[in-house]
Amino acid sequence: MVKRIDLFRGTLDMLVLQTLLENPLHGYAIAKAIQRVTDEVLTVEEGSLYPALYRMEKRGWIKAGWGVTDTGRRAKIYELTRVGRDELEAEVSNWGEFASAVGKVLEPR
Amino acid sequence: MRRWLSRLFGTDAVTRMEREIRDELELHLELRTDENIASGMAPAAARRDAEQRFGDFERIVERGRQVRLDPSNPLGRFPSRTTPHATRARFMNDFMQDLQYGARTLAKSPGFTLVAVLSLALGIGFNSTVFTVIDAVVFKPRAVEDPDSLVRIGAGDDTLGGIMQSYPDFRDLREQAESFTDVAAWRTEMTTYNHRGDAEFVFGESVSAELFDLLGVQPILGRGFAPDEDDHPGGDRVVMVSERFWGSRLGSDPEVIGRELVFAGVPFTLIGVIPSSYTGGTPPIAVNFWLPISNLDTLQPSTGGTSRLERRGSHSISVIARLKPGVSREAAQEEVRAISSALTEAYPETNDDTVFTLIPASDVRIDPSIDRAMLPAGGVLMAVVGLVLLISCANLANMMLARGSARNQEVAVRQAMGASRWRLVRQMMTESLLLAALGGLAAVGVAAASLRVLQAIKPPVMIPIDFSVPIDPRVLSFTALLAVVAGVAFGLVPALRSTQMELTGALKANDARSGTRGNGLRSTLVAVQVAVSLVLLISAALLGRSLINAQTIDPGITTDSIVSIVPGIAFQGYSAQESRDFHRQAVERIAALPGVERAAFVERMPLESMTIMDRDVWFQDQPLEAGEEAPGIMSATVTPDYFDVLGIRPERGRLIEPGDVAEAPGVAVVNQAFVDRFWPEQNPIGKRISLLSDEGPWIEVVGVNSAHKILTLGEEPTAHMYLPFEQRPASGLGSIVARVPGDAAAALDGMRQVVRELDPNLAIMETKTIQQHLAISLFPVRLAAAALGILGAVGAVLAALGVYGVVAFGVARRTHEIGIRMAVGADRNGVVRLVLRQGMRVVLIGAAVGVAVSLVSTRVLGAILYGVSATDAAAFGGAILAIAGVALVANLVPALRASRVDPIAALRSE
């Protein structure tokens, strides 16, 4: 049984950007990738994913083009931009600070 | 929105975008379905499962469309880099988000929102009211053309701030001065309007023909004065009336031009109506009619033989002029000064200290000497209401601080996730500004209501003051500005405060100490509120005691069974002889009325604030040194029965008697203060004084009357003298007083009838009982006490709310701690005492500060405190008790609630 943990909006953005770091992907593939990499611990809701993708596209962190999947279907492919790359770096570093802060709180006193 | 866009950009673009979204989501669905089939599900079930995961498909499409379709990006196209346009769009977007979020948060806590909006509405509303009043009287530019080039030209002498001139001087100035496009003049007139057997007291002005043109005032009906209409004395009997007069007394009849209107018994032809945007040369006094200035003698024949139009020494004319374009004020000043020097040479007796001075018209409201007093009075008023607003803001800041700490957790997490502090502060400020905006809107309502209340207060003066101050754009902008300032004031510090939490402290879900962080600031604010309210309440209490005392101060005259009536003789064109005859007859007839024991004439009643009758006095046994001026002493001309009517007795010698007639030796009766001032320790009987010059004619002091108040109830002993009616030149102004043991109303009716019989054209300016008369003299004190009392009470309520809010919040935060204390043995009373002690400590500190400030500030009230010292213990004590009591209650409620905390539940609430 897989636990479903809800992601904060900021975290989702970060995960998507990271996923696109290696290859351009379409929406479904991004979701599957996150699922696979986290060993099924984190699942992305469709209701959160697409609005997040559109938002990031508006901000210029990713750009999209229409292409064809390996099974020949028409799909919208997303790619990381340079701005997006910078953004990812910043988010990752923030996340690190946050994680260590939370860790300190949870430390036994 | 979509429809609008479609129409604008063509259905194609938007539909195409939506098509894209659907395609993308469809693909996702298909892929998921395929995967399900691959892992063994039946196709139908696979599809169903895929759809289920999607949840509400349409909603996702909608959200997608929303995200892409924001107002700055109507076609949903995306720039690949952030442009300034996009940054602005994002800012706008964030702002809208903040607004919605703020609105939702406020809606979630209706109690808080209501209290906040109410405090703001009261604070801002009162300030707007005061500003409106001050603005209307002091600042508002008048509805005239190009007010900046207008200047007033005064004679620069001592009387009335040097702003008035004489008519002959004005005429010469008008002829000779080259620096002005026009010079015009006016004089205020008070007279009666006779209509259908009734006589009504009205205010008007005699104006030179070019005045309206100079000011750019156009009649809304008929025409203005023609240039020749003010050239011949007694010349054309034409009149213009105000729009208000036209409305109320002429029924706004458009055919009214040419009608005959009678003023002071003299018929005038109506030629025009002046719009209500111009109410006369001395706002806020609103005059009813205008006559050509050649009528200076028409309404009241001048006494002493010479026409007022020729009296060079009498400064009763106001002069206004417009600078020619290109002429500087300095150049004009020089020119008029040269003109006045020439006049001084030509007429040394009248013009020896005349120096024409230019003052910008906008600097003169009523006249410079009165104007000078208005600004500080206005300043004090604004300071007081400013204090109430301060309390409101302090309250709100406190409440915002309290809410801020409750959201510590959320704030900390968002900050850790990368939301910039600036962003969070911005969001909280938006919420504060939203509150402030709501408060500001409500404040307009408060201001409108209080202005209406103000207008209903009729100060006991006969002067028609136009106080219809509308809420106009200036006031609205002031209110808006104040709201913004308030919003920033009470929102900024809490926003900054709550976003600077250290991560560790805040992320702990239940830190017993986190409630005390920021307590210092909050407690200080509460203390400030208490202090300010206390200052207001102490002042109100002092004034209240003063009022009560004033009731017990013995004015020195009988305080019941007296009525008085003031016939408007002065404004009816009576000669001195006619005026004397009239009063004599009136007194005789009134004394004969049933119900009237005795009647008399008096020029000025004791404690009458509207008239000051000063007369210069020279002393035979104390000649003046060189350069010394004769002192001006308050005096009143009376008929002999006056003393009986008012219950004044002789203390030495005698009072005025029927034998003191014109042919008898001149006499005067003085009071003890007069004696103490000029003949200390001596017997005044037989001493001689003169009212005309240092060479006589001399009159003899024949008695000292029993002491009574002259000007105000709280005055220092003031010198005063009584003079016989028959021996003085009649001034025409005065009251007829009568002792009426029975029904005052019936007696007044009878008195009115007598006046009407003697002259049906005469208006009666005033009728009152002695009680009403005394009440009038207390009017300023009563007004101040009421105003301060209301403000103080409002301030105290707000302070109590503040105290309650802070203490209640503190208790809520410390539920856990309280539970622990109770679990280890503290009893309920102990808990109550603990909360109370901490709460009241703050209040006591605030009270101490308030007392200290009051000890200094109440000195200001000195002039209107009757028999009460500015540091009266009872007043101070009362106010302190009131505040302490209110604060105690505010503390008690949460304290009691704290004592009822169930320790188990408290400990369990993590």
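The values are calculated or read from the model by the stated rules, or taken from the named source; none is laboratory data. Everything numeric in this text was worked out from a predicted model, so none of it was measured. With ideal geometry, Cβ positions are generated from the backbone for all residues, glycine too; neighbour counts draw on all protein chains shown. When the accessible area is computed, the model is the full protein with side chains, heavy atoms only, and any ligands, DNA or RNA have been set aside. Shrake-Rupley method; radii C 1.70, N 1.55, O 1.52, S 1.80 Å.
Values computed for the structure shown
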quantity	calculated
Residue-averaged beta-carbon neighbours from other chains (10 angstrom radius) around A:28-36	2
Amide N of region A:42-78 lying under 18 Å from the label point, which is placed 7 angstrom from the Cα of residue A:23 along Cα→Cβ	A:63-78
Distance in nm between pseudo-label sites at residue A:83 and residue B:824 (7 Å out along the Cβ direction from Cα)	5.8 nm
Distance between modelled label sites at residue B:35 and residue B:181, nm, 7 Å Cα→Cβ extension	8.4 nm
Average beta carbon contacts from partner chains per residue of B:20-32, 10 Å cutoff	5
Solvent-accessible area of residue B:860 with every protein chain in place, 1.4 Å probe, in Å² to the nearest 10	110 Å²
Amide H partners (placed H, <5 Å) of residue B:189, local residues excluded	B:204, B:205, B:206
Förster-model FRET efficiency, 22 Å R0, residue B:693 and residue B:657, C-beta, rounded to 0.05	0.25
Net +/- balance of residues flanking residue B:312 in space, Cβ distance below 12 Å, scoring K and R +1, D and E -1	-2
Residue B:624-residue B:363 FRET efficiency (beta carbon distance; Förster radius 41 Å; 0.05 resolution)	0.65
Solvent-accessible surface (1.4 angstrom probe) belonging to residue B:362, in square angstrom, nearest 10	70 Å²
Charge tally in the Cβ shell below 14 Å around residue B:178, where Lys, Arg are +1 and Asp, Glu are -1, residue B:178 excluded	-1
Built amide H within the under 5 Å cut-off of residue B:766, gap 5+	B:566
Peptide-level mean, for A:40-49, of C-beta atoms on other protein chains within 10 Å	3
Derived scalar couplings ³J(HN,Hα) [region B:332-343; Karplus, 6.51 cos²θ - 1.76 cosθ + 1.60; whole Hz; x for Gly, Pro]	5, 4, 4, 4, 5, 5, 4, 4, 5, 5, 4, 5
Per-residue HN-Hα couplings for region B:480-496 [Karplus 6.51, -1.76, 1.60; θ = phi - 60°; Hz; x = Gly/Pro]	4, 4, 4, 4, 4, 4, 4, x, 5, 4, 8, x, 5, 4, x, 5, 5
Residue B:58 paired with residue B:255, simple spin-label distance in nm, labels 7 Å along Cα-to-beta-carbon	7.1 nm
Full-stretch length increase - residue B:328, residue B:869 - with 0.36 nm per residue and alpha-carbon distance subtracted	189.5 nm
Difference of contour (0.36 nm per residue) and Cα-Cα distance, residue B:746 to residue B:706	11.3 nm
Region B:694-751 shape via C-alpha gyration tensor axes, a/c threshold 1.5	oblate
Vicinal HN-Hα couplings computed from phi for region B:40-50 (Karplus, 6.51 cos²θ - 1.76 cosθ + 1.60; Hz; Gly/Pro x)	x, 6, 6, x, 5, 5, 4, 4, 4, 5, 4
Amide H partners (placed H, <5 Å) of residue A:62, local residues excluded	A:57, A:81
Helix-only mean residue ellipticity at 222 nm for chain A, each DSSP H run of n ≥ 4 adding -39500 (n - 2.57), per residue, nearest 500	-18500 deg cm²/dmol
Extension reserve of the residue B:779-residue B:114 stretch, reckoned as 0.36 nm per residue once the Cα distance is removed	235.8 nm
Protection proxy ranking, peptides B:632-643, B:755-766, average beta carbon neighbours within 10 Å, highest first	B:632-643, B:755-766
